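Input: a single structure, listed below in structure tokens.
Derivation of every value follows stated rules applied to the coordinates shown; laboratory data play no part. These figures come from a predicted structure and were not determined experimentally. Cβ sites come from the backbone with ideal geometry, for glycine too, and all protein chains shown count toward neighbours.
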Amino acid sequence: MASASDIHPSAIIEPGAEIGADVRIGPFCHVGPKVRLGAGVDLVSHAVVTGNTSIGERTRIFPGAILGGEPQNVKYRGEDTRLVIGADCTIREGVTMNTGMPDAGGVTSVGDHSLFLAYSHVAHDCHVGDHVILSNNVMLAGHVSVGDRVIMGGGAAVHQFTRVGHHAFIGGLSAVSHDVIPYGMLNGNPGVLAGLNVIGMARNGMSKTEIHTVRRAFRQIFHGEGAIREKAAKLDGGADVLPAVRDILDFILTDHERALSSPARIDRP
């Protein structure tokens with residue numbers, strides 16, 4: 001335990017926990033014996049970090065958060081599985097994140113610089129990228145994959161095994177039952193692909209010309225007659241494809257058990 005850390009006398013730090021330098025552990029926190037807190041981590045108060053959990057440098061954890069709890073899965077039998085949280089994250093009140101299941105790799109992971117607002121939930125075996133925002137009460141079921149810089153509005157719920165591509169935007173209260181392409185914008189219950197996250201694309205540094213190219217590819221893939229994957233395959237040729245278009249094509253053409261979200265709700269394999 002780093003001597004420079006600031007630990008409130010009411011906090012419980014179990015033997016075996018690894019506490020980095022300049023960690024702050026506030027009143028009534030509980031840190032389990034297999035927990036590793038990186039330098040500068042801040043547990044504000046009344047937070048629980050348990051299980052085989054590691055938390056990256058400078059991440060802040062607010063009251064009522066419970067990180068590293070057992071998977072909410074009837075098949076779990078007490079195996080030693082993990083939760084890995086990156087650096088510079090903010091985890092607000094009441095957030096819950098569970099460790100993984102042994103039959104799925106055993107790891108739930110969260111990247112760097114992500115923001116989890118109050119009472120959002122990351123279930124077992126989810127993999128969340130960098131610079132992600134989960135608004136209040138967002139719920140990720142097990143085995144969900146969320147790409148970098150995804151934003152999810154309050155109360156959105158994501159079905160198990162679903163992929164959400166990078167830079168996608170999910171509207172508040174949306175039901176995400178099917179995969180959402182990179183840069184996609186999904187709204188509604190059931191969720192419908194409403195178009196592209198043009199604002200996010202611009203913030204990512206795309207020029208107007210590049211955005212128009214992606215929008216043209218989107219129309220070619222998702223509008224008109226024919227199956228989405230067949231139309232994507234026709235565009236999947238040539239080395240001059242814009243990287244953002246390439247990301248969308250690769251996402252669509254990757255074999256996956258979930259159907260694709262589309263303007264017509266879904267496109268089944």
Rel. contact order, % - alpha carbon contacts under 8 angstrom, at least six apart, the chain: 8
Counting only C-alpha contacts under 8 Å and six or more residues apart, can you give the relative contact order of the stretch 202-267 as a whole percent? 28
Within the chain, percent of DSSP bridges classed antiparallel, to nearest 5: 10
Looking at the chain, identify the longest residue range that excludes and avoids all trypsin sites (Lys or Arg not before Pro) in DSSP loops having at most 12 other Cβ atoms within 10 Å. 78-269
Of the GluC sites (Glu not before Pro) in the stretch 161-253, which ones lie in a loop per DSSP and count no more than 13 other C-beta atoms within 10 Å? E225
Taking a cut-off of 26 Å between Cα atoms, list the lysines near K34, but don't count ones fewer than 8 places away on the same chain. K75
Tell me the Kirkwood hydrodynamic radius of the stretch 79-147 in angstroms, computed as one over the mean inverse distance between distinct C-alpha pairs. 11.6
Return the Rg/Rh ratio of the stretch 6-143 with Cα-based radii and a Kirkwood Rh. 0.94
If you line up the Cα atoms of the stretch 1-41 on their principal axes, what length do they span on each, largest first, in Å? 20, 19, 14
Any chance you could run the full-extension gain for A202 through E230? It's 0.36 nm times the residue separation minus the Cα-Cα distance, nm to one decimal. 7.2 nm
Picking from A65, N136, V110, whose Cα lies most toward the positive end of the charge dipole for the chain (charges on Cβ: Lys, Arg +1; Asp, Glu -1)? N136
May I ask for the net charge around T81, where only other residues with Cβ less than 9 Å from the Cβ of T81 are counted and Lys, Arg are +1 while Asp, Glu are -1? -3
Label points 7 Å out from Cα along the Cβ direction at S45 and A259: separation in nm? 5.0
Assign unit charges at the C-beta atoms only (+1 for Lys and Arg, -1 for Asp and Glu), then state the dipole size of the chain relative to its Cα centre in Debye, rounded to the nearest 20. 760
May I ask you to derive the FRET efficiency for Q220 and L115 from their Cβ-Cβ distance with R0 = 30 Å, giving the value to the nearest 0.05? 0.30
Hey, any idea what the orientation-averaged projected area of the convex hull of the chain's Cα atoms comes to, in nm²? 14.8
Net charge, D103 excluded, C-beta distance under 13 Å - Lys, Arg +1, Asp, Glu -1: 0
Before rounding to the nearest 500, sum -39500 (n - 2.57) across all DSSP H runs of length at least 4 in the chain and divide by the residue total; then give [θ] at 222 nm in deg cm²/dmol. -4500 deg cm²/dmol
Beyond 15 Å, what percent of the Cα pairs of the stretch 110-167 remain? 39
For the stretch 202-267, what is one quarter of the convex hull surface built on the Cα atoms, given in nm²? 5.0
Between F28 and L242, 0.36 nm times their residue separation minus their Cα-Cα distance comes to what? 71.8 nm
Hits among lysines - C-alpha to C-alpha of K234 under 25 Å, sequence gap 8 or more where chains match: K208
Cα-based Rg then Dmax for the stretch 144-269, in Å, read 13.4, 41
To the nearest 20 Debye, how big is the dipole of the stretch 6-143 about its Cα centre, given +1 on the beta carbon of each Lys and Arg and -1 on that of each Asp and Glu? 200
Would you tally the net charge around R36, using a Cβ to Cβ cut-off of less than 12 Å, leaving R36 out, and scoring K and R as +1, D and E as -1? 0
